[in-house]
Each structure stands twice: as C-alpha cells, then as structure tokens.
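First comes the structure, then the notes that go with it.
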Amino acid sequence: MRSSKFDEFDLYSENLLLAQHDVSEIISHELMKGEVREDFLISVLASCSEPPPILVRGTLSDGKKDAGQLDIILCRPHAQLRKMGSQCYVEKSDSLCVIEVKGNCTGRDLNRAEAKAQVIQKLKGKEKPLYGVVCYKSKLTEATIMKRFGFAYEANTETYFDPATAPKSKKSQWPKIIYPNLDFFMSFEEDKKIFVRKYALTPGTFRFARVMNNPLIKDLFSMVKSLWKTAHH
C-alpha cells in the first residue's frame, strides 16, 4: 500500500519515540528511566487529537480498593483527577484505557500484566477500561508472542493465522490464549513489530486480530483517538 504524507508524520513520531528510548538508556536509575519514557510516550500520544486527550500516571480505584501503580491512564473528558505530585488517583469509571510501558518485555512482564488486568476488572463498577502493554523491545520471539495470543504459523505462506477463524474449525482445537484479559499488545522492535488487539469472534467469545499497518504507531494513535472522541459523545 502506498504511503501518504500523513504516514510520514506518523513515522516521524514513531522514530522519535524509539530514539528517545535509546537515548534514555544512559539513565541508570530504573524507576526514573521508566518515568521518563512514560512521560515522553504521553507527550507523543497527546498529539493524536485536539483538544489533547487526558493522559496521566497513577492508579485506578473504586473508592475502597485500587489497582496499584499504572504507567499511563487515558481518562474520560471531564474526569475528576485527584493529583498527588506527578501521580493521579483516578476513579475506575473515569478511565478509558490503561497502557503498561515496557522497555524490554519478558514473559514475566506479560504474566504480571494479565494479573493486573484481573485486578482492574474486580474493582467495583460496570465500566471496563481497555488494558494492554506497549513495549519498545521484547525478549520473547515473534513466534512465542503470537502463539501466546492464540495464533498458529503457516509455513507455506510464512504467515500467522488464528485457527478459530478457519471454516468449520472446532473450538477444542483452537490454540489457547495465555493472556485472555489483555485487550492489546504492541511491540515496536524492528523485525518484531507486532500489534494484536482483542475482538469478539462471536458474542461472548474473544480472540485476537493482528493489525499490520506501517508505521505501527498509527494504530496506537487510532485506538487512543477513537476512545477519546467516542467518550465526548
């Protein structure tokens, strides 16, 4: 597909994000390095819409329990933000999406994200914000990541596919999804660029679809912008 002038700006944003990740490697303090990267990603994502979406760092709460530290929270318009320094205490009902940011994502990181997603779901309230992981690099191979999100590999075409979408497929033969409570996963790593997002295959049955746009950040912009604009109506 031929790229557009708009793609050039998106590619600039993606390259800028990756460059900032590499430059921030000089910071030895891991917590500080993580916060610097989160703040920079927030500033990049804020450019996806005007007025800019409300993106903060902090936690979600139902008034009694909270979800612990969260990297980036996309809030609803007019959300009440209870700020404590650089952190925000956000009501679950005021959240549209939560993004966990990883420098070099591991299997343990994804297991922790899956557990965190379950904690958020158990907070009181009908609203369910999207929850997923965005990483700059991953210690897992592309094959491992895709397998854990329910995909199989077709050697003849050298492509990944979900057997659940095949005609007359039996549910008992579908690959198991290891992270069923995540809504999306994105990796910016060169030669391992991946964006998978949950969708309803049938009512009550959820699988993951792989999005293959280039540059990849276009899909992250689109997701954040769609959630933000829809919440205005």
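All of the numbers you see were taken from the coordinates with simple rules; none came from a lab. If you're wondering where the values come from, they're calculated on a predicted model, not measured in any experiment. FYI the Cβ positions are ideal-geometry reconstructions off the backbone, even for glycines, and counts take in every protein chain you see.
Evaluate the charge dipole of the chain about its Cα centre and quote only its size in Debye, nearest 20, assuming +1 on the Cβ of each Lys and Arg and -1 on the Cβ of each Asp and Glu. Mind showing how you got there, number by number?
Values: 36 positive and 29 negative charges, 246 e Å.
For this selection, approximately 1180 debye.
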With each label point set 7 Å from Cα along the Cα-Cβ vector, what nm distance links LEU201 and LYS5?
-> 4.3 nm
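Scan the stretch 55-124 for trypsin sites (Lys or Arg not before Pro) in coil per DSSP, keeping those whose Cβ has at most 14 other Cβ atoms within 10 Å, and list them by number. Write out the running numbers ahead of the final one.
Values: sites: ARG57, LYS64, LYS65, ARG82, LYS83, LYS92, LYS102, ARG108, ARG112, LYS116, LYS122, LYS124; in loops: LYS64, LYS65, LYS124.
Sparse-neighbourhood loop trypsin sites (Lys or Arg not before Pro): LYS64, LYS65, LYS124.
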DSSP-loop GluC sites (Glu not before Pro) across the stretch 150-233, with at most 14 other Cβ within 10 angstrom = GLU158, GLU190
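With n ≥ 4 as the cut-off for DSSP H runs, can you work out [θ] at 222 nm for the chain, using -39500 (n - 2.57) per run divided by the number of residues, rounded to the nearest 500? Intermediate values should be presented prior to the final figure.
On the way: 5 runs with 73 residues, N = 233.
Dividing the helical sum by the residues of the chain leaves -10000 deg cm²/dmol.
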Whole-Å distance linking the alpha carbon centroid of the stretch 156-233 with that of the stretch 14-35 is 27 Å
Modelled FRET efficiency - R0 25 Å, ILE26 with GLN87, Cβ distances, 0.05 increments = 0.50
Given (1) -0.23, -1.10, -1.40; (2) -0.20, -0.99, -1.31; (3) -0.34, -1.01, -1.17 as candidate values of log10 I(q)/I(0) by the Debye sum over Cα atoms at q = 0.07, 0.15, 0.17 Å⁻¹, which corresponds to the one derived from the coordinates?
-> (1)
Approximate spin-label separation ASN213-GLU50, in nm, with each point projected 7 Å along Cα-to-Cβ | 2.0 nm
